[in-house]
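Peer 1: Pasting in a structure now, in structure tokens, and then I'll have a few things to ask.
The values are calculated or read from the model by the stated rules, or taken from the named source; none is laboratory data. Not measured: the values here are computed from a predicted model. Here the Cβ positions follow ideal geometry from the backbone for every residue, glycine too, while neighbour counts run over all protein chains shown.
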Amino acid sequence: MPSLNTANTYYVAEAYNVKQYNAGVVRNDNERIFEEEGFTALRFRYTKAGSLPVKLSRLISIIQLAFSIKKNSLVVFHFPLLANAYKWLLQMLRLRGVNTVALIIDIDGLRDKDDMLLKTEIKLLKQFTCIICHNTAMKNKLLEYLPAAKISTIQLFDYPAATPPIPRQLSNSISFAGNLNKAKFACNLQQLKGLQFNVYGLGYDARLHSKEGSTYKGVVAPDLLPAVLEGSFGLVWDGDSIETCDDYLRYNTPHKLSLYVVAGLPVIVWKDSAAAHLVGENNIGFTVSSLTEIREKINSLTAAEYETMRTQVVTIGKQIGNGYFLRKIMDEIKAL
């Protein structure tokens, strides 16, 4: 790619106007960092299906945007693309020779174990000049389908937060935050004796309510959540079972990992997850094969060992809170 500066770097703005509690949080945070870095937002009014006049207005808007961008520019899209209008813009930019970047939030085909959807996503990813994915495991998986692709890894999503982390001490108290409609295992946390779980998120189930060993804490806005998470650890787990974890975590680095770290919480992750290497390498928590192992792992830790983990977490949390990882990867992309 030619040398770039902020005068010819852009991002496709999705402009959420309501509070987001799931994947939209990452997109909003990234857009804030792009703005701070001097990227120009690309916006057009109509992205959804509509009447013929709406469709014509949308097409005109896309054409105007595409031809307003110089060939040596760079345009960042979040992936998956949430509207067909973004796909049309991508195709026009590609035809004009503009560099495009897919910043992957999720690969739905992998997450949903839907091979047809995955093929569609791979076909779309092939149109980008380069791809930013979560980690090495996801990169290697994508290279199976796109061996010639230029793929970089972000390692961790940023979580801009001004609130300093709460001081933590070693205990058996653990936070879990997430979409509880997907994390059905949370209804069975009370089976894990000797542990106290604090559960946050959408998708309340009566089975979560104030049982011994597990307390539902409700829904908290993402910008406030780091300051209210209770406990000594943050749990990264998904699926229906406390014994086995959802396979998507082999490739996905969840945003909740960044939430826990910016909140000053050492993390507990599945030993076969993509995040396990990062956690071990940076000493910011520990891994388990099953949630039934957590109690023994916590009991084996000394206060000094926990404090070392917590110190490491706070150091990386400052980077996450300042947008370090997205800024770093975009500098690398622009330098290619």
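Peer 1: Return yes when Ile60 is of a type outside the set (Ser, Thr, Tyr) and more than 24 Å from Asn8 (Cβ to Cβ) and no when it is not.
Peer 2: Considered against the rule, which asks whether it is of a type outside the set (Ser, Thr, Tyr) and more than 24 Å from Asn8 (Cβ to Cβ), Ile60 comes out as no.
Peer 1: Mind checking whether some residue in the range 204-214 is among the polar types (S, T, N, Q) and farther than 30 Å from Arg27 by Cβ?
Peer 2: For the range 204-214, residues among the polar types (S, T, N, Q) and farther than 30 Å from Arg27 by Cβ: present.
Peer 1: Just give me the residues in the range 293-304 being surrounded by 14 or more Cβ atoms within 10 Å (Cβ to Cβ) and either at pLDDT below 95 or in a helix (DSSP H, G or I) (or both), in sequence order.
Peer 2: Hits for the range 293-304 are Glu293, Ile294, Arg295, Lys297, Ile298.
Peer 1: From the list Arg295, Arg250, which residue is out of contact with any His (no Cβ under 6 Å at 6 or more places or on another chain), in the same structural domain as Ala186 (by TED's automatic domain parsing) and over 25 Å from Pro165 (Cα atoms)?
Peer 2: Arg250
Peer 1: Now, a different point. Just one of (1) at pLDDT 95 or above; (2) of a type in the set (Gly, Ala, Ser); (3) not in a loop (DSSP other than H, G, I, E, B) trips up Gly194, so point out which.
Peer 2: (3)
Peer 1: I need the full set of residues from the range 279-295 which are more than 23 Å from Ser214 (Cβ to Cβ) and among the aliphatic types (A, V, I, L, M), in order please.
Peer 2: Val279, Ile284 - these are the residues of the range 279-295 that are more than 23 Å from Ser214 (Cβ to Cβ) and among the aliphatic types (A, V, I, L, M).
Peer 1: Quick check on Pro160: is it surrounded by fewer than 17 Cβ atoms within 10 Å (Cβ to Cβ) and either part of a strand (DSSP E or B) or not assigned by TED's automatic domain parsing to the domain that holds Pro254 (or both)?
Peer 2: The answer is no for Pro160.
Peer 1: Of the residues Glu281, Glu293, which single one is farther than 18 Å from Phe157 by Cα and out of contact with any helix residue (DSSP H, G or I) (no Cβ under 9 Å at 6 or more places or on another chain)?
Peer 2: Checking each option against the conditions leaves just Glu293.
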